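Single-structure report; data block below.
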Amino acid sequence: MDKLICKCGHENPPGTVLCESCGRPLNEQEQNKQLADMRYEGTARRSQTYNKSIIDKIWNFFSSVKVGVGIIIVLLIAAALGTILPQKQYVPATTEADIEAYYTDIYGSVGTVYHALGFHDLYNSFWFIGLVGMLAISLIIASLDRFVPLYRSLKNQRVLRHSSFMRKQRILAEGPGDTDTLKKAEEKLADLKYKVSTDKNGLLAEKGRFSRWGPYVNHIGLIIFLFGVMLRMMPGFYVDETLWIREGETRAIPDAPGYVLESKGFTLETYTGEGEEEKFGEAIDRVGTVAKNYQTDVVLYKIPEGALPGDTADMEMVEEHAIRVNQPFKFDGYALYQMDFQQDELKTMSFALQNKETGESRGDLTIDLVNPETNYELEDGSVVELLGYYPDFSGFENGEPQTATPLPKNPGFLVKMTTPDTPDGETSFITIQNTVEPLGDNDYKLAFQGVETRDASGLTVRKDRTLPILGLGGLIFMIGVAQGMYFNHRRFWIQQQADGSILLAGHTNKNWFGLKKDLDQVTEHASLPAYRDQQEDMEAQEKREGEQLT
Amino acid sequence: MTLADISSNLLFVAFIAYLIATFVFGGAVKGNKKGTYRSEQRWGKVAITITVIGFVAQLGYFITRWMVTGHAPISNMFEFTTAFGMTLVGGFIILYALYKTAVLGMIVLPIALLIIAYASMFPSEVSPLIPALQTNWLAIHVITVVIAEGILAISAAAGLIYLLKVIDQKKKSKQRFWLEAIMYSLVLVLGFVVTSTFFTLTNYEADFAYVNKDGQPSEITYNMPAIFGMNEFEPMTDGAFTPLLEMPPIVHAGKLTTVLWSVAVGTVLYALIRLIFRKRISEMLQPFTKNVNLQLMDEINYRSIIIGFPIFSLGALIFAMIWAQIAWSRFWGWDPKEVWALVTFLFYAAYLHLRLGRGWAGEKSAWLAVIGFVIIMFNLVAVNLIIAGLHSYA
């Protein structure tokens with residue numbers, strides 16, 4: 001397609017409707033309109049100009065507001081669907097099979113269908129992420145399609161517009177003027193903070209052009225935000241680990257090389273309803289107990305560089321800290337959060353190796369439930385060998401004992417007991433309430449003696465290097481929204497013809513009321529001819545015609 | 001009188017003031033037979049004065065309650081919903097100052113009254129904050145959201161007035177049906193308030209034992225005669241009304257009972273209104289909109305969304321994400337409340353694109369504004385009470 005050369009001599013890109021420079025209508029359709037469509041200044045938008053290649057078609061699809069709104073609506077409905085039943089991360093099951101069973105057990109056939117459709121993990125599904133991706137593409141393409149030509153046009157605009165352009169503006173005034181009319185109008189407009197430029201017999205007064213960029217700025221903010229979210233998938237940008245740490249324990253912090261954490265203890269406080277808290281008495285009585293504080297006191301250590309992994313001998317203390325809800329412990333780009341706790345977790349279990357018949361004990365052994373040993377040798381030479389340890393025994397699968405979690409909630413032990421009486425050894429499977437002897441009757445048993453307990457804290461280890469990007473995106477979005485919504489672009493064109501008469505046109509992208517208020521002041525000061533609102537005139541005309549018909 | 005008493009008395013004063021102002025606004029609109037604005041202005045001035053007195057009283061309630069509890073009074077259903085009523089009235093006062101529209105007061109104030117009445121059905125005693133709420137972000141996030149929602153609700157009120165005026169009540173149409181459906185649902189809220197108040201005043205209580213969805217034995221107290229029984233229920237109170245129907249474990253029969261009572265009483269109320277006046281409610285309200293300037297209503301609808309949408313984005317998404325990052329270690333977790341905040345955001349984004357990009361103004365905009373309010377109410381009521389999540393309070 002060729003460039004469009006306007007009568008004024010300006011070269012416009014193909015597809016332009018109103019000349020970028022003088023505003024003359026460049027096609028017949030536009031010439032016949034009573035009011036010019038000023039939304040994008042009559043510029044050549046790529047989507048309105050080309051429709052041949054596949055790229056054109058894709059471009060045109062995504063640049064459409066209709067399509068954009070369509071994507072928003074579909075996304076909105078999809079997001080809402082995911083709240084009908086809880087998402088899988090809020091369900092008390094960990095394995096895929098258990099999760100599936102949970103939906104069926106609790107929600108019946110509705111749950112089965114919900115799970116089968118993949119709605120239990122809707123926000124991570126390919127189609128949902130695909131929709132968000134389409135929204136991002138639409139944001140980019142729709143913005144470029146409008147921004148580029150609009151920018152060109154506003155940059156190229158001339159002071160002197162063609163009278164056909166001015167007569168097609170919504171605000172129009174025509175009438176006689178004095179020799180100093182232009183001068184006075186310029187004064188007043190400058191007073192009202194307009195940027196005024198003059199050329200020969202005319203002037204252009206403009207205010208708030210930057211508000212035209214508001215929509216594009218807020219879209220850039222959203223794109224930056226979505227980019228930041230995408231970046232989390234890159235290794236090194238995002239750490240999400242859980243660290244279970246018991247009172248008195250010292251553990252390496254997962255995914256934070258060189259850092260070691262010691263727990264001094266976990267504290268749970270509840271509201272007492274006494275003293276200062278007396279005012280809460282009624283509420284506490286109604287609901288039972290209300291938690292006041294969850295806190296883990298920790299000490300952070302750093303292993304010097306060059307030390308062997310696991311070598312904790314020369315680690316240096318960095319800081320003591322209390323981690324509470326809403327008060328994460330931040331260090332070196334990491335943050336530790338108080339997320340969960342387990343009170344009175346089993347620490348050790350003690351047993352006596354007893355002869356079943358006589359009840360005679362060959363000695364005691366204590367099993368550490370977090371770091372059990374493989375062999376426990378008793379004084380008289382008897383040995384208890386731990387063949388298998390299942391911290392949270394959940395039943396047998398194919399004859400194999402299973403553990404639901406790595407936490408010692410319901411420990412199960414598969415042991416081989418060897419004594420001088422039974423040199424071949426006897427096998428036994430022991431849980432808290434039950435003992436199974438899988439290979440026939442044994443002479444000896446492990447008799448339960450006692451437990452020790454302690455509190456454990458569930459901490460989340462987090463590093464998120466995308467946060468500054470997300471913050472920037474949010475900030476730019478808010479700036480763009482404010483820019484586009486709370487400011488508006490106002491322009492007046494005034495020309496004095498050879499015979500001294502005045503032609504005035506006004507345009508704003510929103511808030512015509514404000515524009516008219518400005519113009520009232522200028523009209524008074526410079527004795528301009530009275531203006532009219534051509535759109536309101538047209539509407540009044542239509543109304544009158546409508547009334548005549550009825 | 002303790003500070004706590006002063007606080008609840010101020011709320012009562014506010015409620016009464018809004019109630020009186022509703023009628024004065026109604027009178028101002030109705031009395032203006034000639035369509036001149038002089039008489040409307042005179043009574044409008046009286047009405048807005050009473051409204052402002054009510055608003056100041058409610059602000060007094062808010063501040064004194066803050067002093068009593070030691071935290072921003074927006075931490076449970078009662079407090080949040082009451083504050084929503086307050087910001088709704090606050091938003092109206094601002095728009096009245098700009099546009100002097102008595103008819104807007106006639107619609108907004110009864111809605112605010114209903115919202116405050118609804119709020120008072122929840123436990124209103126002073127409650128302590130759980131650890132997750134102990135931060136200044138509670139005040140920052142929730143107050144921003146409640147202001148935004150109050151302003152957005154004004155756009156729905158303006159939309160409603162627009163629809164009351166333009167929809168032809170003589171001709172059967174989808175529009176006429178849905179408009180009346182909105183009126184009906186407002187009466188249902190009244191039904192809930194009436195039922196709850198009745199059974200609270202008569203001290204109705206019945207305890208039941210039941211088996212919950214995890215198979216554990218539990219107990220529940222009904223404050224209304226149990227129509228639906230919980231899974232495997234056993235009455236524990238002598239002479240209690242025996243439930244007519246037992247529900248499966250995932251259905252909270254206690255809440256369902258409350259809903260059914262409210263719907264039943266609300267429907268009876270609605271039927272009585274129809275029987276007495278022989279007119280649809282929207283038809284009764286239509287004469288009040290005779291002098292309404294449609295363009296102005298459309299402008300108020302759009303203007304309140306322009307003000308409300310950025311505040312909502314800031315409070316319900318940006319501040320929410322900052323707090324979620326601090327409290328829960330992730331800025332976003334697809335919790336139902338988060339999702340519905342996003343749904344609200346997307347909905348108003350669609351509204352703005354349709355209006356600015358495709359010229360959807362007037363009646364279309366009015367419907368959208370009303371739907372926006374429905375989404376906000378869904379997020380407030382249903383997501384808190386039905387869909388369990390991290391935000392379920394009260």
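I'm trying to understand the selection: among the residues of the range B:326-368, which are of a type outside the set (Phe, Trp, Tyr), within 7 Å of chain A (Cβ to nearest Cβ) and either under 30 Å from residue A:90 (Cβ atoms) or not in a helix (DSSP H, G or I) (or both)? Write out each step before concluding.
Of the range B:326-368, the ones of a type outside the set (Phe, Trp, Tyr) are B:326-327, B:329-330, B:333, B:335-339, B:341-344, B:346, B:349-350, B:352-359, B:361-366, B:368.
If we keep only those that are within 7 Å of chain A (Cβ to nearest Cβ) as well, we get B:326-327, B:329, B:336, B:339, B:342-343, B:346, B:349-350, B:353-354, B:357-358.
B:326, B:327, B:329, B:336, B:339, B:342, B:343, B:346, B:349, B:350, listed by residue number.
Using the structure shown, decide if residue B:322 is more than 8 Å from chain A (Cβ to nearest Cβ), farther than 22 Å from residue B:84 by Cα and surrounded by fewer than 21 Cβ atoms within 10 Å (Cβ to Cβ). It would help to see each step written out before you state the result.
Values: more than 8 Å from chain A (Cβ to nearest Cβ): yes; farther than 22 Å from residue B:84 by Cα: yes; surrounded by fewer than 21 Cβ atoms within 10 Å (Cβ to Cβ): yes.
The answer is yes for residue B:322.
Can you pull out every residue in the range A:241-279 that is surrounded by 15 or more Cβ atoms within 10 Å (Cβ to Cβ), within 14 Å of chain B (Cβ to nearest Cβ), out of contact with any Asp or Glu (no Cβ under 7 Å at 6 or more places or on another chain) and closer than 19 Å to residue A:408 by Cα?
A:243
Could you list, in sequence order, all residues of the range A:1-48 that are within 26 Å of residue A:143 (Cβ to Cβ), free of Cβ contacts under 8 Å to residues at least 60 places away in the same chain and either of a type in the set (Asp, Glu) or in contact with an Asp or Glu (Cβ under 8 Å, 6 or more places away or on another chain) (or both)?
A:3, A:4, A:11, A:12, A:14, A:17, A:30, A:37
When you check residue A:67 against the structure, is it within 11 Å of another protein chain (Cβ to nearest Cβ), within 24 Å of the chain's Cα centre (by Cα) and among the β-branched types (Val, Ile, Thr), yes or no? Break it down into steps so the answer makes sense when it comes.
On the way: within 11 Å of another protein chain (Cβ to nearest Cβ): yes; within 24 Å of the chain's Cα centre (by Cα): yes; among the β-branched types (Val, Ile, Thr): yes.
Spelling it out, residue A:67 is indeed within 11 Å of another protein chain (Cβ to nearest Cβ), within 24 Å of the chain's Cα centre (by Cα) and among the β-branched types (Val, Ile, Thr).
Select, from B:307, B:371, the only residue that is over 30 Å from residue A:461 (Cβ atoms), assigned to a helix (DSSP H, G or I) and either within 17 Å of the chain's Cα centre (by Cα) or more than 10 Å from chain A (Cβ to nearest Cβ) (or both). Quick ask: steps written out before the conclusion?
Working: B:307 fails: either within 17 Å of the chain's Cα centre (by Cα) or more than 10 Å from chain A (Cβ to nearest Cβ) (or both).
Testing whether each residue is over 30 Å from residue A:461 (Cβ atoms), assigned to a helix (DSSP H, G or I) and either within 17 Å of the chain's Cα centre (by Cα) or more than 10 Å from chain A (Cβ to nearest Cβ) (or both) leaves just B:371.
Of the residues A:189, A:139, which is assigned to a helix (DSSP H, G or I), over 25 Å from residue A:28 (Cα atoms), modelled with pLDDT of 90 or more and in contact with a His (Cβ under 7 Å, 6 or more places away or on another chain)? It would help to see each step written out before you state the result.
Numbers: A:189 fails: in contact with a His (Cβ under 7 Å, 6 or more places away or on another chain).
So the residue among A:189, A:139 that is assigned to a helix (DSSP H, G or I), over 25 Å from residue A:28 (Cα atoms), modelled with pLDDT of 90 or more and in contact with a His (Cβ under 7 Å, 6 or more places away or on another chain) is A:139.
To keep it simple, each residue is scored yes or no on (1) of a type in the set (S, T, N, Q); (2) crowded, with 24+ Cβ neighbours inside 10 Å; (3) touching a strand residue (DSSP E or B) at 6+ places or on another chain (Cβ under 8 Å).
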residue	(1), (2), (3)
B:94	no, no, no
B:100	no, no, no
B:112	no, yes, no
B:137	no, no, no
B:145	no, yes, no
B:155	yes, yes, no
B:168	no, no, no
B:180	no, no, no
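Run down A:119, A:61 and say which single residue is surrounded by fewer than 17 Cβ atoms within 10 Å (Cβ to Cβ), more than 10 Å from every other protein chain (Cβ to nearest Cβ) and either modelled with pLDDT of 90 or more or out of contact with any Leu (no Cβ under 7 Å at 6 or more places or on another chain) (or both).
Among A:119, A:61, only A:61 is surrounded by fewer than 17 Cβ atoms within 10 Å (Cβ to Cβ), more than 10 Å from every other protein chain (Cβ to nearest Cβ) and either modelled with pLDDT of 90 or more or out of contact with any Leu (no Cβ under 7 Å at 6 or more places or on another chain) (or both).
Would you call residue A:90 closer than 27 Å to residue A:130 by Cβ, more than 14 Å from chain B (Cβ to nearest Cβ) and not charged (D, E, K, R)? Give the derivation first.
On the way: closer than 27 Å to residue A:130 by Cβ: yes; more than 14 Å from chain B (Cβ to nearest Cβ): no; not charged (D, E, K, R): yes.
So residue A:90 fails the test.
Can you run down the residue pairs with Cβ atoms below 6 Å, 6 or more apart or on separate chains, where the first is in the range B:287-308 and within 14 Å of residue A:511 (Cβ to Cβ) and the partner is surrounded by 20 or more Cβ atoms within 10 Å (Cβ to Cβ) and β-branched (Val, Ile, Thr)?
Cβ pairs passing all conditions: B:307/B:151.
If residue A:353 satisfies every condition in (1) farther than 18 Å from residue A:301 by Cβ; (2) without any contact (Cβ under 8 Å) to a residue 24 or more places away in the chain but one, which is the exception?
Single failed check for residue A:353: (2).
The values are calculated or read from the model by the stated rules, or taken from the named source; none is laboratory data. Here the structure is a predicted model, which means the values were calculated and not measured. A quick note on method: Cβ atoms are made from the backbone with ideal geometry, for glycine too, and the neighbour counts reach across all protein chains shown.
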